[in-house]
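Enquirer: Handing you a structure now.
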Amino acid sequence: MSVRACRDPDEAVAGIEDGSTILVGGFGMAGMPADLIEALIRQGATELTVVSNNAGNGDTGLAALLDKGRVRRIVCSFPRQSDSWVFDRLYHEGRIDLEVVPQGTLAERLRAAGAGIGAFYSPTGAGTLLAEGKETREIAGRTHVLEYPIKGDVALIGAHRADGMGNLVYRKTARNFGPVMATAATTVVAQVHEIVDIGALDPEAVVTPGIYVDRVVQVVSAA
Amino acid sequence: MNPTSSPLPPLEHLGRGPLTEDEMAARVARDIPHGSYVNLGIGRPTLVADHLPGGAGVVLHTENGMLNMGPAARDGQIDPDLINAGKIPVTELPGAAYFHHADSFAMMRGGHLDICVLGAFQVSSAGDLANWHTGAADAIPAVGGAMDLAIGAKRVFVMMTLFTKQGVPKLVPECTYPLTGVGCVDRVYTDFATFQVGPGGATVLETFGIPYDDLAQRLGLALSRQDGT
């Protein structure tokens, strides 16, 4: 199925169902799909599971989605930040479940989901609280922890440019989780700074091939 | 260790105080070989970059997806798409490369980075690291890339003050804070001394502003001296 170019972020997030697992790209504000998150707030889906590196900053974007009580559970590597007061409050009030995952394990679990890997053994976290209750195995003299994929119903990512095939290129460190999340969800929505004609992106430079991407929307704000 | 080979430099550096933060960073930088691929952890370890001499050929990795990261961006250079793992705006050097998170952590976990420098709450003499969580009941756990860094780089250096503000040693027989990694630390650079840690326990490589015997007494820890005396 080819990519759909949406006229605005509201069209891009239409149909997201209550109870969905949403992969949200970005590291800090770099690569954060802020317009898609704002549209998701308007769209109204609730009881969501959000998978993202952080748990919202300040009062906008992911923090605003949390503040509206739409997120039941968050899977992330680094929830606690100087400006994560929305998450902090919900967490201390017991209104949100938290699964903390080491950052590289989070990326690899997403990659595994996109690559059809059933599970994998990683040395990260062996012997720590984050491996408690998980299967372990000694491999080449080192303890490894069994980790399962994280698959999304929807991925919301920010990229730099898309073409009419849905091919994506990113800019600098805003690439972060975009390429792996794009492989790991049933419906992948990208907000981009520019949609260009088919043939206008150098095929050698495409980072996310359009096969992974379902909807793109051009936004004026920084991704 | 072979005591008959070339003589070691003096272990005790007396007649001076403990190292300042900048001197600690310079001390770490001296042990980073030319041409290394290095990740500097968030906070105090980032100071090490200021002490790598021009021409050292050290390539800095930031785990959010970049090699050959440059210094922090100044006004007018700030690009919101170009940040380091501490979310500080940075710059790129010629020859920089960008990659996604799974690749970034694969190069870390896969042993391609030569050195990472991390801060710590505690390090054990066997090289266990605790630097992500105090374990307090109301603390929100947040690990980021700490566990991946701890087990991934070929050598892990810790840079920390040797004592807490209350004077409690942070080099310990066993960590009491939740672990980040088991047996992963190679060297510990502190204001009062530099240590080698690992299966053989803690070895003092040098001291600053404190005699070895006083250091051993304050730490209350089984120690050996690199000079074997």
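The values are calculated or read from the model by the stated rules, or taken from the named source; none is laboratory data. Keep in mind that what you see is a predicted model, and the values were worked out from it rather than measured. Note that we place each Cβ from the backbone using ideal geometry, even for glycine, and neighbour counts take in every protein chain shown. All accessible areas refer to the heavy atoms of the entire protein, side chains included, with ligands and DNA or RNA removed. Shrake-Rupley method; radii C 1.70, N 1.55, O 1.52, S 1.80 Å.
Enquirer: When the range B:36-49 is examined, which residues are found to be within 19 Å of B:GLY152 (Cβ to Cβ) and either of a type in the set (Ser, Thr, Tyr) or open to solvent by 10 Å² or more (accessible area, probe 1.4 Å) (or both)?
Expert: Within the range B:36-49, B:SER36, B:TYR37, B:LEU40, B:ILE42, B:GLY43, B:THR46 meet the criteria.
Enquirer: Look at the range B:100-114 and say how many of its residues are facing chain A (nearest Cβ under 7 Å) and more than 20 Å from the chain's Cα centre (by Cα).
Expert: Of the residues in the range B:100-114, 3 are facing chain A (nearest Cβ under 7 Å) and more than 20 Å from the chain's Cα centre (by Cα).
Enquirer: Among what's in the range A:70-97 and is more than 8 Å from every other protein chain (Cβ to nearest Cβ) and assigned to a strand (DSSP E or B), pick the residue that is nearest to A:PHE177 (Cα to Cα).
Expert: A:CYS76
Enquirer: Restricting attention to the range A:33-60, which residues are in a loop (DSSP other than H, G, I, E, B), open to solvent by 10 Å² or more (accessible area, probe 1.4 Å) and out of contact with any strand residue (DSSP E or B) (no Cβ under 6 Å at 6 or more places or on another chain)?
Expert: A:GLY44, A:THR46, A:ASN57, A:GLY58, A:ASP59, A:THR60
Enquirer: Find the strands (runs of 3 or more DSSP E) located wholly in the range B:140-229 whose residues include 2 or more that are more than 20 Å from the chain's Cα centre (by Cα) and more than 16 Å from B:GLN122 (Cα to Cα), and list them.
Expert: B:223-225
Enquirer: Given A:GLY133, A:GLY114, A:GLY118, which one is on the phi > 0 side of the Ramachandran plot and not aliphatic (A, V, I, L, M)?
Expert: One residue alone meets the criteria, A:GLY133.
Enquirer: Might you let me know whether the range A:211-218 holds any residue that is within 11 Å of chain B (Cβ to nearest Cβ), crowded, with 20+ Cβ neighbours inside 10 Å, assigned to a helix (DSSP H, G or I) and within 18 Å of the chain's Cα centre (by Cα)?
Expert: No: the range A:211-218 contains no residue that is within 11 Å of chain B (Cβ to nearest Cβ), crowded, with 20+ Cβ neighbours inside 10 Å, assigned to a helix (DSSP H, G or I) and within 18 Å of the chain's Cα centre (by Cα).
Enquirer: Restricting attention to the range A:137-167, and to residues there that are open to solvent by less than 40 Å² (accessible area, probe 1.4 Å), part of a strand (DSSP E or B) and under 16 Å from A:VAL24 (Cβ atoms), which single residue is farthest from the other protein chains (Cβ to nearest Cβ)?
Expert: A:VAL154
Enquirer: What tally of residues in the range A:168-200 results from selecting those that are buried (at least 24 other Cβ atoms within 10 Å of the Cβ), among the small types (Gly, Ala, Ser) and away from chain B (no Cβ under 13 Å)?
Expert: 2
Enquirer: I'd like to know if the range B:85-99 contains one or more residues that are assigned to a loop (DSSP other than H, G, I, E, B), at pLDDT below 95, more than 13 Å from the chain's Cα centre (by Cα) and facing chain A (nearest Cβ under 7 Å).
Expert: Looking through the range B:85-99, at least one residue is assigned to a loop (DSSP other than H, G, I, E, B), at pLDDT below 95, more than 13 Å from the chain's Cα centre (by Cα) and facing chain A (nearest Cβ under 7 Å).
Enquirer: Suppose the filter is open to solvent by 10 Å² or more (accessible area, probe 1.4 Å) and among the polar types (S, T, N, Q); does B:THR194 pass it?
Expert: no
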